[in-house]
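Novice: Have a look at this one before I ask anything.
The values are calculated or read from the model by the stated rules, or taken from the named source; none is laboratory data. For clarity, every value in this text was computed on a predicted model and none was experimentally measured. FYI the Cβ positions are ideal-geometry reconstructions off the backbone, even for glycines, and counts take in every protein chain you see. To get the accessible areas, we keep the full protein, side chains included, count just its heavy atoms, and leave off ligands, DNA and RNA. Shrake-Rupley method; radii C 1.70, N 1.55, O 1.52, S 1.80 Å.
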Amino acid sequence: MSSLQVECVVKAGALIGEGPVWEESEQTLLFVDIARQKIHRWNSVTNEMKSVETEDTVGVAVPRRSGGLVAGVGRSVVAVDWSTQTMTSLVQVDEDKPNNRLNDGKVDPHGRLLVGFMGKETRPAEVTRHQGALFSVNSDFTVTKRLRQVDISNGMDWSLDHRTFFYIDSLSLSVDAFDYDVDTGNIGNRRTVYHMEEGEGLPDGMTVDAEGRLWVTCYNGGRVVNIDPVTGVRLQTVFLPVMKTTSCCFGGPDYSDLYVTSACLGLNQSESRQQPLAGHTFRVRGLGVKGRPSTSFSG
């Protein structure tokens, strides 16, 4: 598209930027740096960024209906009080696998938090296979395991009617769909929506727009691909000036801006020189589509 604009807006220098969430009330972008153990909040009006440090790797941070945030730190879901920079453990997840860590998560339309796990990496995207899992955390902090034998649990989102759950296990190189019961959180009938093509890299974070189409970031692919989940057809590719694109969400006053996080961990000196913006966060304008507001955790 000739009107497409890709702009570096948040110079975070993240080792592994992930999990962007748009906070409509303050026009802020919330995201994490997994490896630097930080939660960031960037104000799109003032261009100021504030951060809070966590005590372990942090895979996701989302708003909480009762106030503050909840975050996935290490193998725990914690409450985050931004004003005091303090965290309180709410529930331990995946307790029987101490070498696992929480990697990505998202709140479903009912307000429960889904969190994915993976084995700790020896190098970026290199893990012991089948060690991860997918869990849901309800408002009363009961935990249910939804999937087993996952490699790298990653992007997730829901269809417009909430009846389909889209999910990425990165090393499978595919975007999958499940039937979803929003009342119980049960999933079933797994099928593949899209399989990555040569050169597209690993599927990572993902979001669904207001027309029900998928936007999937491609780790080591330097792009975001737009997928029709009904036909499995790639509709559009947005290229970025960094290879390790990690996740995305829609934001801005009318949700027409696509924000894309990235990583720099694992780049060698030559790659770092060629990609000076690696680890920063980008805004894509001119896509002609809008996103949907995110849901807050109900606990």
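Novice: Looking at (1) closer than 30 Å to Gly286 by Cα; (2) polar (S, T, N, Q); (3) at pLDDT 95 or above; (4) in contact with a Gly (Cβ under 8 Å, 6 or more places away or on another chain), which one does Thr57 not meet, given that it meets all the others?
Specialist: Only one criterion in (1) closer than 30 Å to Gly286 by Cα; (2) polar (S, T, N, Q); (3) at pLDDT 95 or above; (4) in contact with a Gly (Cβ under 8 Å, 6 or more places away or on another chain) is unmet by Thr57, namely (1).
Novice: Out of region 14-31, which residues are outside any strand (DSSP E or B) and within 16 Å of Ser247 (Cβ to Cβ)?
Specialist: Filtering region 14-31 down to residues outside any strand (DSSP E or B) leaves 14-15, 24-27.
Correct list: Ala14, Leu15.
Novice: Of the residues Glu48, Glu23, which single one is modelled with pLDDT of 95 or more and either open to solvent by 60 Å² or more (accessible area, probe 1.4 Å) or of a type in the set (Val, Ile, Thr) (or both)?
Specialist: Glu48
Novice: Ok, one more. Identify, from the list Ser136, Ser89, the residue that is farther than 20 Å from Thr54 by Cβ, out of contact with any His (no Cβ under 6 Å at 6 or more places or on another chain) and either of a type outside the set (Asp, Glu) or assigned to a strand (DSSP E or B) (or both).
Specialist: Ser136
Novice: For region 175-268, which strands (runs of 3 or more DSSP E) that fit wholly inside it have 2 or more residues that are more than 20 Å from Gly279 (Cα to Cα)?
Specialist: Because the criterion is at least 2 residues that are more than 20 Å from Gly279 (Cα to Cα), the strands (runs of 3 or more DSSP E) in region 175-268 that meet it are 187-195, 223-227, 234-239.
Novice: While we're here: Just to be sure I understand, how many residues within region 147-174 are open to solvent by less than 40 Å² (accessible area, probe 1.4 Å) and in a strand (DSSP E or B)?
Specialist: 16
Novice: Here's something else I'd like to know. Looking at region 92-127, which of the residues that are in contact with a strand residue (DSSP E or B) (Cβ under 8 Å, 6 or more places away or on another chain), assigned to a loop (DSSP other than H, G, I, E, B) and among the charged types (D, E, K, R) is most open to solvent (accessible area, probe 1.4 Å)?
Specialist: Top of the filtered list is Lys120.
Novice: Okay, next question. I'd like to verify a number: residues in region 251-277 that are in contact with an Asp or Glu (Cβ under 9 Å, 6 or more places away or on another chain) and open to solvent by less than 10 Å² (accessible area, probe 1.4 Å), how many?
Specialist: Qualifying residue count for the region: 4.
Novice: Going residue by residue through region 59-77, is there one that turns out to be open to solvent by 60 Å² or more (accessible area, probe 1.4 Å), out of contact with any helix residue (DSSP H, G or I) (no Cβ under 9 Å at 6 or more places or on another chain) and part of a strand (DSSP E or B)?
Specialist: No; the residues of region 59-77 include none that is open to solvent by 60 Å² or more (accessible area, probe 1.4 Å), out of contact with any helix residue (DSSP H, G or I) (no Cβ under 9 Å at 6 or more places or on another chain) and part of a strand (DSSP E or B).
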